[in-house]
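Structure, as structure tokens:
Read-outs throughout are calculated quantities, based only on the coordinates presented, and are distinct from any laboratory measurement. Fair warning: this is a prediction, and the values are worked out from it, not measured in the lab. Here Cβ is always computed from backbone atoms with ideal geometry, including for glycine, and neighbour counts include all displayed protein chains.
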Amino acid sequence: MRSSDDITIKEAIDRLLDAYKLKRKFEETSILAVWPTLIGKAIANRTKQIYIKDKKLFVKVESAVIKNELVLMRRQILGRVNEHVGHVIVEELVVL
């Protein structure tokens, strides 16, 4: 039987991440890990570098065609990324 002060593993991990101020970094790493799922394998395979800094998602790609496609899909990409985390973590997409 569960007592009133028991917490789930998810709650315990969330508290731990909050206590050590690691939650944001954990969420950013999570986004990088699921990038192929969020954007599609074809574009993910042509992504040279991806990182998050100051609420900006930086994506370096190997071709101008892919760069143009990402610029056109900017809103959808930001929506997918923020939806994955459950709140707004990235406000801008910078395609390099």
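So which pairs qualify, if the first residue must be in region 59-70 and under 19 Å from residue 32 (Cβ atoms), the second must be assigned to a helix (DSSP H, G or I) and of a type in the set (D, E, K, R), the Cβ gap must be under 6 Å, and the two must be at least 6 apart or on different chains?
If the second residue must be assigned to a helix (DSSP H, G or I) and of a type in the set (D, E, K, R), the pairs left are 61/67.
Considering only region 73-82, I want to know if a residue exists there that is of a type in the set (Val, Ile, Thr) and either within 12 Å of the chain's Cα centre (by Cα) or under 16 Å from residue 29 (Cβ atoms) (or both).
Initial filter on region 73-82 (of a type in the set (Val, Ile, Thr)): 77, 81.
Those left that are additionally either within 12 Å of the chain's Cα centre (by Cα) or under 16 Å from residue 29 (Cβ atoms) (or both): 77, 81.
Within region 73-82, one or more residues are of a type in the set (Val, Ile, Thr) and either within 12 Å of the chain's Cα centre (by Cα) or under 16 Å from residue 29 (Cβ atoms) (or both).
Considering each of 92, 69, 62 in turn, give the residue that is of a type in the set (Asp, Glu) and under 28 Å from residue 14 (Cβ atoms).
Details: 69 fails: under 28 Å from residue 14 (Cβ atoms); 62 fails: under 28 Å from residue 14 (Cβ atoms).
On inspection, the qualifying residue turns out to be 92.
Counting only residues that are out of contact with any helix residue (DSSP H, G or I) (no Cβ under 6 Å at 6 or more places or on another chain) and within 17 Å of residue 33 (Cα to Cα), how many does region 71-83 have?
Count: 5.
Of everything in region 14-58, what is among the β-branched types (Val, Ile, Thr) and without any contact (Cβ under 8 Å) to a residue 12 or more places away in the chain? Give them in sequence order.
Passing the criteria: 29, 37.
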